[in-house]
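Just below is one structure, and these are the notes that go with it.
The values are calculated or read from the model by the stated rules, or taken from the named source; none is laboratory data. Not measured: the values here are computed from a predicted model. Positions of Cβ are generated from backbone atoms using ideal geometry, with glycine treated the same way; all protein chains shown enter the neighbour counts. Protein only, heavy atoms only, side chains kept; ligands, DNA and RNA dropped before computing areas. Shrake-Rupley method; radii C 1.70, N 1.55, O 1.52, S 1.80 Å.
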Amino acid sequence: MATTLVTGVAGFIGMHAADALLSRGDRVLGIDILNDYYDPRLKYARLERLSERHGRSFHFERVDFADRHDLDAVLSAHRFDRILHLGAQAGVRYSIDNPHAYVQSNLVGHLNLLEIARARRVEHLVYASSSSVYGGNRTFPFRVEDRVERPLSLYAATKKADELMSESYAHLYRLPQTGLRFFTVYGPWGRPDMVMWIFTRAILAGEPIALFNHGEMERDFTYVDDIVAGIVAALDRPPADDGSEKPGGSIGPHALYNIGNNRAEPLGRMIDLLEAEIGRPAIRRHLPMQPGDVSSTCAEIAPIQSQLGFVPRTTIDEGIPKFVRWYREFHGLDDQRGMSPTSSMATASPREMVG
Ligand SMILES: NC(=O)c1ccc[n+]([C@@H]2O[C@H](COP(=O)([O-])OP(=O)(O)OC[C@H]3O[C@@H](n4cnc5c(N)ncnc54)[C@H](O)[C@@H]3O)[C@@H](O)[C@H]2O)c1
C-alpha cells in the first residue's frame, strides 16, 4: 500500500486529493501549518472530514514546511513513497501586501520539499504550479511550451521559480517530478478568497459584487474533481528518465502540464449560473482592472490528455450548482431562496480570480 506525503492537506485541493487517494486504499501522511490566510475553521473542518471518512489511514501533523528543522523533525518518524506538494501561500492579490509570506512558503518551502524528496529518494514528487505563470501571455490557449517570463504578480513569479528549481533537481539528482499548472479551481470545500465563493456569499446577502475590468474577464474554471483526477493520474505515472523531451521541454524526468477545462468562460456567464441556482439577481458594480490580474485564461490540455489520459468532465453548468448547494449546506442556510445570516452593503470584491 503506497503512502503519499500530502502538503497543504487542510487546503481546498489538498483535502480533495487526499480523500481520493485514501478512498482507493492508499495511506496519506498530511501536513499543513493551518495558517489564517482565510478562516482556519474551514481547514479544521476539512481535516475532520478526512479523519471521519478514513480513520487511521490518514495521519496529520501540523508543521511549517518552510522551517527545515521542524519539517525534518516531524517527518523523521514517518516513511512515505511519494510526495504531493500542494501547500503554498496562494493568491495573487495578497502577494502585493505580503510578499515575504510567498518567499517563505513557496520558495523556501519548495526547496525544503525538494531536499526531502532527494534525501528519501521518493519515487515521484508532484507539485502545484499555477496558470498565473502565463502572466500577460497573448496566445490562446496557453501552452506549456509557451515562454513564461513575464509574471504579473510575485505569486506567479514564485510558482515559475518553483518550476525552475524542480528542473534543476530533475537534472542534478534525476528526481522524477511533475508540475501541474492549475486553472481557477472551484467546487465544494473551496476557498473563501476566490471569486465564486465571494460572489455566492454576496448574492445570497443581497450585496453588490465588484466586476473588475468592467466585467471583461474570462476564466478557464476547473471543477475540483477533474483537478483531482489529473493529480492522481500524474502521481501514478512518474516521467521516465529516458532522455526524451517531456511536456514543458525538460529532457530530465520532469514533466509540466496544464490542468484546465480548455474553455475560457466569460465572468458574466458564471454570474448568470450563480443567479439561476441562488434564485436572485446579482447587483453588479463595474470597476477598473486590478493590479496583478490577468483578463483571460485558457488551458491547452493536449499533452495531459495524451500522456495521462486526462479528460475534463464537468462544465460550469453542472459544477456551479454543485458548489452553491454545498455552500448553502455548509453554512446551514435554509432553502428560502436568497436568505443569508449577514448582510452589509459593501461591494464584495473577489481577491482571487486565478488561485
Ligand atoms: N485553487 C486554485 O484555483 C489554484 C489555482 C492555481 C494553483 N493553485 C495552487 O494549488 C495549491 C493548492 O491550492 P488551494 O486552492 O488548495 O489553496 P489553499 O490555500 O486552500 O491550501 C494551501 C494550504 O497550504 C497550507 N500552507 C501554506 N503555507 C504553508 C507552510 N509554510 N507550511 C505548511 N502548510 C502551508 C495552508 O495552510 C493551506 O491549508 C497551491 O499550491 C496553489 O498555489 C491553486
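So which of 36, 19 ends up being within 14 Å of the ligand (Cβ to nearest atom), farther than 21 Å from residue 113 by Cα and touching a helix residue (DSSP H, G or I) at 6+ places or on another chain (Cβ under 8 Å)? Spell out the reasoning first.
Working: 36 fails: touching a helix residue (DSSP H, G or I) at 6+ places or on another chain (Cβ under 8 Å).
None of the other options fit; the residue is 19.
Only residues that are in contact with a Ser or Thr (Cβ under 9 Å, 6 or more places away or on another chain) and not in a strand (DSSP E or B): list them for region 138-156, please. Lay out the reasoning, then the answer.
Step one: filter region 138-156 for residues in contact with a Ser or Thr (Cβ under 9 Å, 6 or more places away or on another chain), giving 140-142, 146, 151-156.
Selection gives 140, 141, 146, 151, 152, 153, 154, 155, 156.
Consider region 240-259. How many of its residues are of a type outside the set (A, V, I, L, M) and either outside the structural domain of residue 133 (by TED's automatic domain parsing) or outside any loop (DSSP other than H, G, I, E, B) (or both)? Give the derivation first.
Taking region 240-259 and keeping what is of a type outside the set (A, V, I, L, M), we get 241-250, 252-254, 257-258.
Filter once more, so that each one left must be either outside the structural domain of residue 133 (by TED's automatic domain parsing) or outside any loop (DSSP other than H, G, I, E, B) (or both): 254, 257-258.
Selection size over region 240-259: 3.
How about region 181-230: which of its residues are in a strand (DSSP E or B), of a type in the set (A, V, I, L, M) and touching a Leu at 6+ places or on another chain (Cβ under 8 Å)? Full working, then the answer.
Applying the first criterion (in a strand (DSSP E or B)) to region 181-230 yields 181-182, 185-186, 194, 208-211, 218-219, 222-223.
Narrowing further to those that are of a type in the set (A, V, I, L, M): 185, 194, 209-211.
Matches in region 181-230: 210, 211.
Taking residue 210 as meeting all but one of (1) under 30 Å from residue 169 (Cβ atoms); (2) surrounded by fewer than 23 Cβ atoms within 10 Å (Cβ to Cβ), write down the number of the exception.
Every condition holds for residue 210 apart from (1).
Give all pairs with beta carbons closer than 7 Å in which a residue from region 275-297 that is more than 10 Å from residue 212 (Cα to Cα) and assigned to a loop (DSSP other than H, G, I, E, B) meets a residue that is among the basic types (Lys, Arg) and open to solvent by 60 Å² or more (accessible area, probe 1.4 Å); count only pairs at least 6 apart in sequence or on separate chains.
Taking only residues 6 or more apart or on different chains, the pairs are 279/337; 280/337.
Do we have residue 350 as crowded, with 19+ Cβ neighbours inside 10 Å, within 16 Å of the ligand (Cβ to nearest atom), modelled with pLDDT under 90 and in a loop (DSSP other than H, G, I, E, B) here? I'd like the intermediate steps shown before the answer.
Numbers: crowded, with 19+ Cβ neighbours inside 10 Å: yes; within 16 Å of the ligand (Cβ to nearest atom): yes; modelled with pLDDT under 90: yes; in a loop (DSSP other than H, G, I, E, B): yes.
Taking the combined requirement at face value, the residue satisfies it.
Here is a list of conditions, (1) crowded, with 22+ Cβ neighbours inside 10 Å; (2) of a type in the set (A, V, I, L, M, F, W, C); (3) in contact with a strand residue (DSSP E or B) (Cβ under 8 Å, 6 or more places away or on another chain), and residue 274 meets all of them except one; can you say which number that is?
(3)
Considering only residues that are touching a residue at least 40 places away in the same chain (Cβ under 8 Å) and either of a type in the set (Phe, Trp, Tyr) or part of a helix (DSSP H, G or I) (or both), look in region 115-127 and name the one that is nearest to residue 172 (Cα to Cα). Please lay out each step first, then the result.
To start, the set of residues in region 115-127 that are touching a residue at least 40 places away in the same chain (Cβ under 8 Å) comprises 115-118, 120, 122-127.
Narrowing the set further to residues that are either of a type in the set (Phe, Trp, Tyr) or part of a helix (DSSP H, G or I) (or both) leaves 115-118, 120, 127.
On the way: 115: 12, 116: 15, 117: 13, 118: 10, 120: 15, 127: 18 Å.
Taking the candidates together, the pick is 118.
I need every pair where a residue in region 128-151 that is in contact (Cβ under 8 Å) with a residue 40 or more places away in the chain and away from the ligand (no atom under 13 Å from the Cβ) has its Cβ under 8 Å from the Cβ of a residue that is open to solvent by 10 Å² or more (accessible area, probe 1.4 Å) and assigned to a strand (DSSP E or B), sequence separation at least 6 or different chains.
Hits for this filter: 140/296; 144/256; 144/257.
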